1. Pull up region 1-18, narrow it to residues that are free of Cβ contacts under 8 Å to residues at least 60 places away in the same chain and over 13 Å from the mean Cα position of the chain (by Cα), then point me to the one that is farthest from SER183 (Cα to Cα).
2. With respect to THR68, determine if the residue is of a type in the set (Val, Ile, Thr) and exposed (fewer than 11 other Cβ atoms within 10 Å of the Cβ).
3. Considering only region 74-99, state which residues are within 11 Å of the ligand (Cβ to nearest atom) and surrounded by 14 or more Cβ atoms within 10 Å (Cβ to Cβ).
4. Filter region 139-155 down to the residues that are under 21 Å from the mean Cα position of the chain (by Cα) and outside any strand (DSSP E or B), then identify the one that is surrounded by the most Cβ atoms within 10 Å (Cβ to Cβ).
5. Looking at ASN162, ASN101 in this structure, which one is out of contact with any strand residue (DSSP E or B) (no Cβ under 6 Å at 6 or more places or on another chain) and under 23 Å from LYS4 (Cα atoms)?
6. Return yes when LYS25 is of a type in the set (Lys, Arg), in contact (Cβ under 8 Å) with a residue 24 or more places away in the chain and within 30 Å of PHE117 (Cα to Cα) and no when it is not.
7. Can you find a residue that is within 16 Å of the ligand (Cβ to nearest atom), surrounded by 15 or more Cβ atoms within 10 Å (Cβ to Cβ) and either closer than 28 Å to ILE149 by Cβ or of a type in the set (Gly, Ala, Ser) (or both) anywhere in region 107-119?
8. Out of the residues in region 38-73 that are more than 10 Å from the ligand (Cβ to nearest atom) and among the charged types (D, E, K, R), which is farthest from GLU92 (Cα to Cα)?
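Please treat every number below as a calculation from the coordinates, not as lab data. What you are looking at is a predicted structure, and each value in this text was computed from that prediction instead of being measured. We place every Cβ from the backbone using ideal geometry, glycine too, and count neighbours over all the protein chains shown.
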Amino acid sequence: MKDKNYYILTTNQDTQFSRIFSEEKISAIQGDWRYFQCSRRCHDELYDSVETLHKLNDAIGPDLRVPTDMIPRCPKCGAEMEPWVRSWVFLEGKKYHEEHNKLNAFLKKNMHKKVLFLELGVGRMTPMFIQEPFWDLTYAWPGAFYITINPRDAIVPDELKNKGMAIREDIAKVLADTRKIFSGEMK
Ligand SMILES: [Zn+2]
């Protein structure tokens, strides 16, 4: 990806992408475990959770519980804090909209170029976040192409059969082979 104009849209919450790529290149639209929010959504603010999570982890006793007084509380209303990840109380506030805005700005800027929508392991459980938008945009944009890599659920709709490719394989193997082909190690 190094010399490419790329952007990453993810529903993962595990922050693996942000270990490698800068935050300006990533939209985590289903939340991020590094933040807490108020479980009552009484105000629109996220709080760093990493240090607290380490402390809680260290405090887990043999009964797999933590002391009640260590449970983080909302500084405004006193309710328990929740990890900022998709749930019934997921806070769709400022940060949530920023994640969408970053993505939309990138898409808008590049919509008239040759664009590859590369879908990795999305599956059919929540197609509305990545898969279906990728299909719609590939269909609508003249210079767009779609590739899905998924060992089970690699699907290309009929409408995209000339603009799409399904690779039903292990993602790590496909990416490793691709790198070998580009570097000339594999033909
Ligand atoms: Zn609160």
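1. Once the filter is applied, the top-ranked residue is TYR6.
2. On the way: of a type in the set (Val, Ile, Thr): yes; exposed (fewer than 11 other Cβ atoms within 10 Å of the Cβ): yes.
Yes.
3. Going through region 74-99, the residues within 11 Å of the ligand (Cβ to nearest atom) turn out to be 74-82, 89, 91.
The answer is CYS74, ALA79, MET81, GLU82, LEU91.
4. The extreme case among them is ASN150.
5. Details: ASN162 fails: under 23 Å from LYS4 (Cα atoms).
It is ASN101.
6. Working: of a type in the set (Lys, Arg): yes; in contact (Cβ under 8 Å) with a residue 24 or more places away in the chain: no; within 30 Å of PHE117 (Cα to Cα): yes.
Criteria not met by LYS25.
7. In the first step, residues of region 107-119 are kept if they are within 16 Å of the ligand (Cβ to nearest atom); the result is none.
Checked region 107-119: no residue is within 16 Å of the ligand (Cβ to nearest atom), surrounded by 15 or more Cβ atoms within 10 Å (Cβ to Cβ) and either closer than 28 Å to ILE149 by Cβ or of a type in the set (Gly, Ala, Ser) (or both).
8. Pass one, region 38-73, residues more than 10 Å from the ligand (Cβ to nearest atom): 44, 46-72.
From what is left, the residues that are among the charged types (D, E, K, R) are 44, 48, 51, 55, 58, 63, 65, 69.
Details: ASP44: 8, ASP48: 17, GLU51: 23, LYS55: 27, ASP58: 30, ASP63: 34, ARG65: 29, ASP69: 28 Å.
Of everything passing the filter in region 38-73, ASP63 is farthest from GLU92 (Cα to Cα).
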